[in-house]
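Undergrad: I'd like to ask some things about the structure below.
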Amino acid sequence: MKNSKKIVLMLLVILTLVFSVACSDDKEDKKPESNPVSEEVEDVTEDPNYLDSVKADDEEIAGYPLIKTLAVESPKGSSVLRYYGHGNIAFVQTAKNVLNYKAVNLKDINAAKEKFEPLKQKYVDLKGVKYSIEYGENQLVEELIMDYRKVEFEKMKDLPGQMTSSPNNGVNIDASVEMLKKKGYKEK
């Protein structure tokens, strides 16, 4: 349970980094409980580039159905997190975040690119991760897709929400939902 909450907290930090830009950060650093998962996971993805065709709102990813969707909205934007797996274990997680420039004191699209392109570059070539940002006139849309079975967590340690362990065997969905609800997310 501890590792699961650490992982979810790391992802939450990454996924909501867009929301926290230009805003004060009042998040508490909570010590998550561990969640060892012992079951073996069959790798249904032979193509190393399979994430290229995946979208953050797909109903199934890598052979795993959508299990849970959570969302939060604020004047700054919105965030939708989706978990894919079986039972109470997620093997893939997606996030789709929308950020309104003016609400976070970004003047325009150029200011948003200046702020977020360095972050975007940190995700290039990370195995098991697909990260994209589309810049619109008044807002940006960020998508992050992580396949826990394939992510090279040691390469992510320098990204926001530093990892101390890897959830290659999946993440406990109930523990994740409980923590996210405390952050204002609601089940859809």
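The values are calculated or read from the model by the stated rules, or taken from the named source; none is laboratory data. All figures in this text were calculated on a predicted structure; none of them were measured in a lab. Here the Cβ positions follow ideal geometry from the backbone for every residue, glycine too, while neighbour counts run over all protein chains shown.
Undergrad: Do you know which of the residues in the range 39-61 that are surrounded by 13 or more Cβ atoms within 10 Å (Cβ to Cβ) and more than 15 Å from L144 (Cα to Cα) is modelled with the highest pLDDT?
TA: Among them, the one singled out is T45.
Undergrad: Scan the range 131-153 for residues that are over 13 Å from the mean Cα position of the chain (by Cα), outside any strand (DSSP E or B) and of a type in the set (A, V, I, L, M, F, W, C) and jot them down.
TA: F153, the sole residue that qualifies.
Undergrad: Right, something else. Identify all residues within the range 95-116 that are aliphatic (A, V, I, L, M) and not in a helix (DSSP H, G or I); write none if there are none. Break it down stepwise before answering.
TA: Going residue by residue through the range 95-116, those that are aliphatic (A, V, I, L, M) are 95, 98-99, 103-104, 106, 109, 111-112.
Answer for the range 95-116, where residues must be aliphatic (A, V, I, L, M) and not in a helix (DSSP H, G or I): A95, V98, L99, L106.
Undergrad: Now for a different question. Go through the range 168-182 and count every residue that is within 27 Å of E154 (Cα to Cα) and surrounded by fewer than 15 Cβ atoms within 10 Å (Cβ to Cβ).
TA: Looking only at that region, the number is 2.
Undergrad: Which ones in the range 59-91 are assigned to a strand (DSSP E or B), within 15 Å of I173 (Cβ to Cβ) and small (G, A, S)? It would help to see each step written out before you state the result.
TA: Just the residues of the range 59-91 that are assigned to a strand (DSSP E or B), to begin with: 60-61, 64-74, 77-86, 89-91.
Going one step further and asking which of them are within 15 Å of I173 (Cβ to Cβ), we end up with 61, 64-70, 81-86, 89-91.
Once the filter is applied, which keeps residues that are assigned to a strand (DSSP E or B), within 15 Å of I173 (Cβ to Cβ) and small (G, A, S), the range 59-91 yields G85, A90.
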